[in-house]
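Q: First, the structure itself, so that you have it in front of you.
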Amino acid sequence: IREDIAYVNPCKKDITVMFRLTGALNKFMSWKAKNFPVVNGILTELPFISDFQFNTQCDLSNIPALKVSAAINEPGLLSVTQPSIDPKQILAAHRFSNQVIWKLILIVGNLDTGKTEISDTATFNFPPDKIFQPPVLSMQTSKGANELVILVRAIQYTRGAVDLGRTEMITDLTKLPCSIVWAYCS
């Protein structure tokens with residue numbers, strides 16, 4: 001899971017983040033072992049995992065306008081809905097940015113084998129001075145049993161000449177949220 005998340009995680013060089021993630025996953029596994037197994041369905045609102053923050057310097061988990069809604073409408077497909085976003089108001093977009101990059105990554109981990117894989121990804125680029133309405137996404141997810149599925153969202157900013165292909169990522173960690181925004185266990 002740690003390797004799969006690395007490409008969206010602004011704190012990927014901070015190994016304490018990965019220690020915290022390992023701790024959260026271990027606590028979840030202990031909790032799950034003590035509770036009844038999931039039968040004919042899924043378990044959401046996973047303790048220790050839901051709203052896990054990879055970048056503790058930028059916690060946006062308590063902002064209702066950034067909440068993600070997800071549901072499995074048909075086997076193997078996760079429908080993801082996000083509200084419209086005003087980057088200047090909600091995200092406190094960096095004043096020197098000229099583009100917001102909104103990344104989603106869906107990771108599936110088999111709890112029996114320990115094997116994980118990136119199931120699906122989505123990336124949206126939009127200007128920081130415009131309201132953005134993300135489309136409803138249909139993401140490929142698991143059809144298996146005893147699997148942990150986590151949806152990670154990262155928000156990043158760039159500056160520079162977008163039209164010339166010369167942009168650079170703004171590295172101010174106080175402006176780069178990365179967290180698990182939805183998770184379930186089958």
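The values are calculated or read from the model by the stated rules, or taken from the named source; none is laboratory data. This one's a predicted model, so the numbers in the text were calculated from it and none came from an experiment. Cβ sites come from the backbone with ideal geometry, for glycine too, and all protein chains shown count toward neighbours. The area values use the complete protein model at the heavy-atom level, side chains included, leaving out ligands, DNA and RNA. Shrake-Rupley method; radii C 1.70, N 1.55, O 1.52, S 1.80 Å.
Q: Tell me yes or no: at least one residue of segment 38-58 is hydroxyl-bearing (Ser, Thr, Tyr), outside any loop (DSSP other than H, G, I, E, B) and free of Cβ contacts under 8 Å to residues at least 60 places away in the same chain.
A: Going through segment 38-58, the residues hydroxyl-bearing (Ser, Thr, Tyr) turn out to be 44, 50, 56.
Adding the requirement that they be outside any loop (DSSP other than H, G, I, E, B) leaves 44.
Those left that are additionally free of Cβ contacts under 8 Å to residues at least 60 places away in the same chain: none.
Scanning segment 38-58, I find no residue that is hydroxyl-bearing (Ser, Thr, Tyr), outside any loop (DSSP other than H, G, I, E, B) and free of Cβ contacts under 8 Å to residues at least 60 places away in the same chain, so the answer is no.
Q: Look at residue 73 and say whether it is exposed (fewer than 13 other Cβ atoms within 10 Å of the Cβ) and assigned to a strand (DSSP E or B).
A: On the way: exposed (fewer than 13 other Cβ atoms within 10 Å of the Cβ): yes; assigned to a strand (DSSP E or B): yes.
Criteria met by residue 73.
Q: Hey, another quick one. Please go through segment 91-124 and pick out each residue that is in contact with a Lys or Arg (Cβ under 8 Å, 6 or more places away or on another chain), of a type outside the set (A, V, I, L, M) and assigned to a loop (DSSP other than H, G, I, E, B).
A: 94, 96, 97, 98
Q: What are the residues in segment 45-60 that are surrounded by 15 or more Cβ atoms within 10 Å (Cβ to Cβ) and touching a strand residue (DSSP E or B) at 6+ places or on another chain (Cβ under 9 Å), if any?
A: 46, 49, 50, 51, 52, 53, 54, 55, 58, 60
Q: Considering each residue of segment 93-108, count those that are at pLDDT 90 or above and over 19 Å from the mean Cα position of the chain (by Cα), and give that number. Lay out the reasoning, then the answer.
A: Narrowing segment 93-108 to residues at pLDDT 90 or above: 103-108.
From what is left, the residues that are over 19 Å from the mean Cα position of the chain (by Cα) are none.
So the answer is 0.
Q: Follow-up. If we scan segment 65-72, do we find a residue that is over 16 Å from residue 184 (Cα atoms) and at pLDDT below 85?
A: Filtering segment 65-72 for residues over 16 Å from residue 184 (Cα atoms) gives 65-66.
Retained after the next criterion (residues that are at pLDDT below 85): 65-66.
The answer is yes, given that some residue of segment 65-72 is over 16 Å from residue 184 (Cα atoms) and at pLDDT below 85.
Q: A further question follows. Considering each of 90, 85 in turn, give the residue that is out of contact with any Ser or Thr (no Cβ under 9 Å at 6 or more places or on another chain), open to solvent by less than 30 Å² (accessible area, probe 1.4 Å) and modelled with pLDDT under 85.
A: On the way: 90 fails: open to solvent by less than 30 Å² (accessible area, probe 1.4 Å).
None of the other options fit; the residue is 85.
Q: When residues of segment 61-70 are filtered for being more than 19 Å from residue 139 (Cα to Cα), open to solvent by less than 80 Å² (accessible area, probe 1.4 Å) and in a loop (DSSP other than H, G, I, E, B), how many remain? Quick ask: steps written out before the conclusion?
A: Looking only at segment 61-70, we keep the residues that are more than 19 Å from residue 139 (Cα to Cα), and these are 61-65.
Still in the list and also open to solvent by less than 80 Å² (accessible area, probe 1.4 Å): 61, 63, 65.
In the following step, the residues that additionally are in a loop (DSSP other than H, G, I, E, B) were identified as 61, 63.
Summing the residues that are more than 19 Å from residue 139 (Cα to Cα), open to solvent by less than 80 Å² (accessible area, probe 1.4 Å) and in a loop (DSSP other than H, G, I, E, B) in segment 61-70 gives 2.
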